[in-house]
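The values are calculated or read from the model by the stated rules, or taken from the named source; none is laboratory data. Small disclaimer: the values here were computed from a predicted structure and weren't measured. Cβ placement follows ideal geometry from the backbone for every residue including glycine, while neighbour counts extend to all protein chains displayed. These area figures cover heavy atoms from the full protein model, side chains too; ligands, DNA and RNA do not enter into them. Shrake-Rupley method; radii C 1.70, N 1.55, O 1.52, S 1.80 Å.
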Amino acid sequence: RPDLPSKCTWQLGADPATNPHHRQCPRERLNLSPDILHEIGRTPLVRLNKIPQSLGLKCEMYVKCEYFNAGGSVKDRIALRMVEEAEKDGRLKPGGTLIEPTSGNTGIGIALVAAVKGYRTIIVMPEKMSNEKVAVLRALGAEIVRTPTSAHWDSPESHISVAQRLKKEIPGAVILDQYRNKDNPLAHYDTTAAEILEQCGGQVDMAVGGTGTGGTITGLGRRFKEVNPKCVIVGVDPHGSVLGHDKEEDVEGVFFEVEGIGYDFYPTVLGEKRLKDDSDRKIVDKWVKTRDKPSFLMARRLIREEGLLCGGSSGTAVWAACEAARDLPEGSRVVVVLPDSVRNYMTKFLDDEWMKDHQFLDVGEAKHGTWWGQ
Ligand code: PMP
C-alpha cells in the first residue's frame, strides 16, 4: 500500500499549516439539508436510567447513539472524512472506484457517500458479517466480495489481501484503508469527541468503546485526555481477539459472533503491537475482555429497558462499561459509544431461535419482554 504512510501519526499542537485538525467542529446543524451527507454526526447522548442502577452503579452513564447517523453507524463519520480527504489530495478522481475491506459498517458508510457523490464501490467483507449488512450495501449499489472468516489477515484469501488484489486489477481504484488512515481517528477527534464534550459541558470521567480499527477509542481518548488528563479510557475487546491482549497463542482459533470489534492483527490506527512511548495504544488505559452471551443479552436489555435500538457491539460496550465503572463514585460520568443499530442484526441476536441455537438463550427461557439476567 505505497500511497499511504506506513505509520498513522498525527501530532497535536503542531503548526496550524501542517496540523491535521483543520476541521475543528462538527458540521453545522441546518434546517434544510442539501443532501443526506449533512446528516452525519451530531448524534444524541442519552442517559441510561435502569441498567447501571440495577447493577448498583453510582456513576451516571450516558450513551452516544451513533445509529442515528445517516447510514446507521459510527463509521459514516470516517467514511465521509476519508472520501473528502482523498478527493482533496487528488487520490480520488470523479467517477473513480472505492474498494474497502470492512466488517460492513465502513462499507455502508462509503457506499452511502459514493451513492451521493457518484463513485463505484466494491466492498470486501468476511462471511461472518450479517446478511442485513449485505442487503443494505446492495441497495446502495455496492458490489460485494465475501471472504472466509477464518482466513488469517495476511493470507491471500483475507478481506484485506483480496481488496489489495482487486486494487491492482482495477485502474484508478483507491483503498481508503480505515486500518491505517489517519482520517479515521481524526474524524472522531474532530467530531464525535467534540460533540460529546459539548453535550457534557466538558465533564467526561471515563469513556468506553469497542475496538475494531481502534479509530473511535483513540480519537475520543486523545481529545478527552487533553481536556481532562485523568479521564480513564477503556477499550473493549472480545475473547478471541488480540487487540486488548498480548498473547496471540491464547486467541488462536477462538471464534466470537459479535461483529465489528476484535481482530487477529493490530491495526496501525490503534498503535503498535508492543507498547512504545509514542503509541496510540497508550491512549487506552484499561482493557475489558468480553464474551458473546453477556454482550447479546445486554444489547437486548438496552432495547427492552432503555428503548435503545442498538447492535450487538453496543451491548458489549455497555456490559464492559458496567464492569469498568463498578467502583466509580456518585457524580462521575461515563460515556459509552453505541456504534450501530439492531437493523444490522434482525435475523441474528434479535431472533430468539438464533439466540437459542448459539446457546445464548437457554431453551424455555423467556421471550422478549422478560428479564434474562446475565
Ligand atoms: N462496533 C461496530 C458494529 C463496528 O462496525 C465497528 C467498526 N468496525 C466498531 C464497533 C469499532 O469501531 P472502530 O473501528 O472505530 O474501533
Step through the table entries LYS50/LYS293; LYS167/LYS356; LYS117/LYS289; LYS64/LYS293; LYS93/LYS289, compare each Cα-Cα distance with 32 Å, and write down the pairs that go over it. LYS167/LYS356; LYS117/LYS289; LYS93/LYS289
Give me log10 I(q)/I(0) at q = 0.10, 0.17, 0.22 Å⁻¹ for the range 40-150, Debye formula, one equal scatterer per alpha-carbon, no solvent. -0.38, -0.81, -1.10
In deg cm²/dmol, rounded to the nearest 500, the helical mean residue ellipticity at 222 nm of the chain, built from -39500 (n - 2.57) for every DSSP H run of length 4 or more, is -8500 deg cm²/dmol
Accessible area, probe 1.4 Å, largest first, for residues THR316, THR149: THR149, THR316
Run the numbers for ASP35 and GLN359: contour at 0.36 nm per residue of separation, minus the present Cα-Cα distance, in nm. 112.3 nm
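Quick one: of the DSSP bridges fully inside the chain, what percent are antiparallel, nearest 5?
Details: 5 of 37 bridges.
Antiparallel bridges make up about 15 percent of those DSSP assigns within the chain.
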Along principal axes, Cα extents of the range 60-99, largest first, whole Å: 46, 16, 14
Accessible-area value, SER103, 1.4 Å probe, nucleic acids and ligands omitted, Å²: 20
How large a share of the accessible area of the chain, in percent, is made up of carbon and sulfur atoms when the probe is 1.4 Å and the other protein chains stay in place? 52
Given N residues in the range 188-235, what is its alpha carbon radius of gyration divided by 2.2 N^0.38 Å? 1.00
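If packing is taken as the mean number of other Cβ atoms within 10 Å per residue, what is the order of 167-177, 332-342, highest first? Before the final figure, lay out each step's value.
Working: 167-177: 16.5, 332-342: 24.6.
Highest mean packing first, the order is 332-342, 167-177.
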Taking the chain, the equivalent ellipsoid from its C-alpha gyration tensor has semi-axes in Å, biggest first, of 30, 25, 21
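Give me Rg/Rg_expected for the range 111-168, where Rg uses Cα atoms only and Rg_expected = 2.2 N^0.38 Å with N residues. All intermediate terms of the calculation are to be shown ahead of the outcome.
On the way: Rg = 12.0 Å, N = 58, 2.2 N^0.38 = 10.3 Å.
Normalised Cα radius of gyration, the range 111-168: 1.17.
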Determine the order of TRP319, TRP153 by accessible area, beginning with the largest, at a probe radius of 1.4 Å. TRP153, TRP319
Pairwise label distance in nanometres, ASP154 with GLU87, each label 7 Å out on the Cα-Cβ vector: 3.6
Largest first and in whole Å, give the semi-axes of the range 143-206's equivalent ellipsoid, each being the square root of 5 times a Cα gyration tensor eigenvalue. 36, 15, 9
How large is the accessible surface per residue of the chain, computed with a 1.4 Å probe and reported in Å² as a whole number? 42
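Working with all protein chains in place, sort GLU66, GLU323 by solvent-accessible area computed with a 1.4 Å probe, largest first.
Numbers: GLU66 0, GLU323 75 Å².
Largest accessible area first, the residues go GLU323, GLU66.
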